[in-house]
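The values are calculated or read from the model by the stated rules, or taken from the named source; none is laboratory data. Because the structure is a prediction, the values reported are computed rather than measured. Surface areas here come from the heavy atoms of the whole protein model, side chains and all, with no ligands, DNA or RNA. Shrake-Rupley method; radii C 1.70, N 1.55, O 1.52, S 1.80 Å.
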Amino acid sequence: QHEIDLRVHESIIRSSSLDTTTSQSFLKAVFDEWDGFNNDRSPFEFEFPGAPNLCSFLENSSVSVDKIKQSYFSLSDSFETVIVEGLGGAFVPLDSQTLLIDVVCDLKLPVILVIGNKLGCLNHGLMTIDAIVRRDIPLVGFILNDCHELETDEMTLIADSNEDELKRLYPDYFLGRLPFSRNICESYQSFKKIGPLIFDKCMDDIKP
């Protein structure tokens, strides 16, 4: 799954280059450099698609929170910006004592929360936002992601209502909504409207 994810990310980056003068040779150099940091980019990988504590138990291994942090610091020393992708949600256990949100808090990472736009996401999204804010973790904002195709009027009604409620309750944190698409170029075009807003908010947070 890790390898598939990386290939999708690279495809999106290549799609974004269509809007710029970025050359394919430059992109190749970037990808070649990234390959040298594979261990830091994904310090732990498991075959079973479950929570890290369960996966490590099934595969007779363990997850080292210290190693995760060391990988982050290694990337931070080499790159101007490091994007850390979460897994499974804020309260996913990494081991018997540590949740994902604990690591985010320790590293003081600003959070961009992605909320899957489906039935039940209001409870999940609002509880996660509350947990982030209560821990004084910087919240850049949240993106509503249409993770399924809206095939019926009922699904559309639920998805639109979710957006209305989240925008009403946390208008300052709403970054945008991503429509469902199987086309990478279309997904990139949708994200183009959100990306500059994320950049501006991040820049505001680091201004002296």
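Over segment 60-208, what relative contact order in percent results from Cα pairs under 8 Å that are six or more residues apart? Mind dumping the intermediate values first?
On the way: 146 pairs, mean separation 26.7, N = 149.
The normalised contact order for segment 60-208 reaches 18 percent.
Based only on Cα atoms, what Rg/Rh ratio does segment 59-206 have, Rh being taken as Kirkwood's radius? Could you put the intermediate results ahead of the total?
Details: Rg = 16.7 Å, Rh = 17.0 Å.
Expressed as Rg/Rh, it is 0.99.
Between segment 68-134 and segment 174-198, how many Å separate their Cα centres?
Between the Cα centre of segment 68-134 and that of segment 174-198, the gap is 21 Å.
Quick one: accessible surface of S25, probe radius 1.4 Å, all protein chains present, in square angstrom to the nearest 10.
Per-residue accessible area (S25): approximately 90 Å².
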